[in-house]
Amino acid sequence: YLGGEGYLKFEGNEFGHREWLDFPNVNNGDSYHYARRQFNLVDDDLLRYKFLYKFDSAMQHLEAKYGWLHKKGDTFISLKNEQDKVLVYEKAGLLFIFNLNPTQSFTDYRVGIETGCVYKIVLNSDIGEFGGHDRVDNDTRFFTTDFPWNNRKNFLQVYIPSRTVLVLALESS
């Protein structure tokens, strides 16, 4: 997300490999058999690749709607909390909230935001469609408080479960 004009993704790797990856060489008789991407894995209901595929699709739709990848110069990182393992930044009118903590969820976590108003969830990695646990209600509205926080003019409070990302947008957008 934060890497300039793109985000980290390796073509095909999101669908994974059930077998090892071995590029053609002398030891395998120059075979391409184990060098192929297995795009069919997303269709196997016994595997979890379908969830990552759906999340990737949702990110693509989010970019199409808000254009956050190609807009330059408006990214503001308001929080990088190493102890909590939380990263918060604003870009293209969106608020990105990452909880990278493997075990700790946070209730009423205070997050700074420049524009005061009402925010809604536009992407939630914890929904069941993405293989998540549905711990956050997607209909939740977040109301800002006019009080400076993390070098921003306002703040809002949000529940961020462990290993999730929430993306919020102004309710009117």
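Here is the figure for region 73-83: residues that are in contact (Cβ under 8 Å) with a residue 12 or more places away in the chain and either loosely packed, with under 13 Cβ neighbours inside 10 Å or in contact with a Phe, Trp or Tyr (Cβ under 7 Å, 6 or more places away or on another chain) (or both) total 5. For region 76-98, the condition of being within 20 Å of residue 54 (Cα to Cα) and not aromatic (Phe, Trp, Tyr) holds for at least one residue. Of the residues in region 145-155, none is part of a loop (DSSP other than H, G, I, E, B), closer than 22 Å to residue 57 by Cβ, out of contact with any Phe, Trp or Tyr (no Cβ under 8 Å at 6 or more places or on another chain) and modelled with pLDDT of 95 or more. Of the residues examined, residue 88 is one that is under 15 Å from residue 165 (Cα atoms) and touching a Leu at 6+ places or on another chain (Cβ under 6 Å). Within the set 129, 63, the sole residue that is open to solvent by 30 Å² or more (accessible area, probe 1.4 Å), in contact with a helix residue (DSSP H, G or I) (Cβ under 6 Å, 6 or more places away or on another chain) and outside any loop (DSSP other than H, G, I, E, B) turns out to be 129.
Scanning region 135-148 for residues that are surrounded by fewer than 18 Cβ atoms within 10 Å (Cβ to Cβ) and within 16 Å of residue 113 (Cβ to Cβ) returns 140, 141, 143, 145, 146, 147, 148. Within region 67-107, the set of residues being more than 20 Å from residue 121 (Cα to Cα) and either of a type in the set (A, V, I, L, M) or in a strand (DSSP E or B) (or both) comprises 80, 81.
Do the conditions hold for residue 162, that is, is it at pLDDT below 95 and either of a type in the set (A, V, I, L, M) or in a loop (DSSP other than H, G, I, E, B) (or both)? Walk me through how you get there before you give the answer.
Details: at pLDDT below 95: no; either of a type in the set (A, V, I, L, M) or in a loop (DSSP other than H, G, I, E, B) (or both): yes.
No; evaluated as a whole, the condition is false for this residue.
If you go through region 20-46 and keep only what is in a loop (DSSP other than H, G, I, E, B), open to solvent by 40 Å² or more (accessible area, probe 1.4 Å) and touching a residue at least 12 places away in the same chain (Cβ under 8 Å), you end up with 20, 21, 22, 23, 34, 37.
The values are calculated or read from the model by the stated rules, or taken from the named source; none is laboratory data. Worth saying up front: this structure is predicted, and the values here are computed from it rather than measured. Cβ coordinates were reconstructed from backbone atoms using ideal geometry, including for glycine residues, and neighbour counts include every protein chain displayed. Keep in mind that these areas ignore ligands, DNA and RNA; they rest on the heavy atoms of the full protein, side chains included. Shrake-Rupley method; radii C 1.70, N 1.55, O 1.52, S 1.80 Å.
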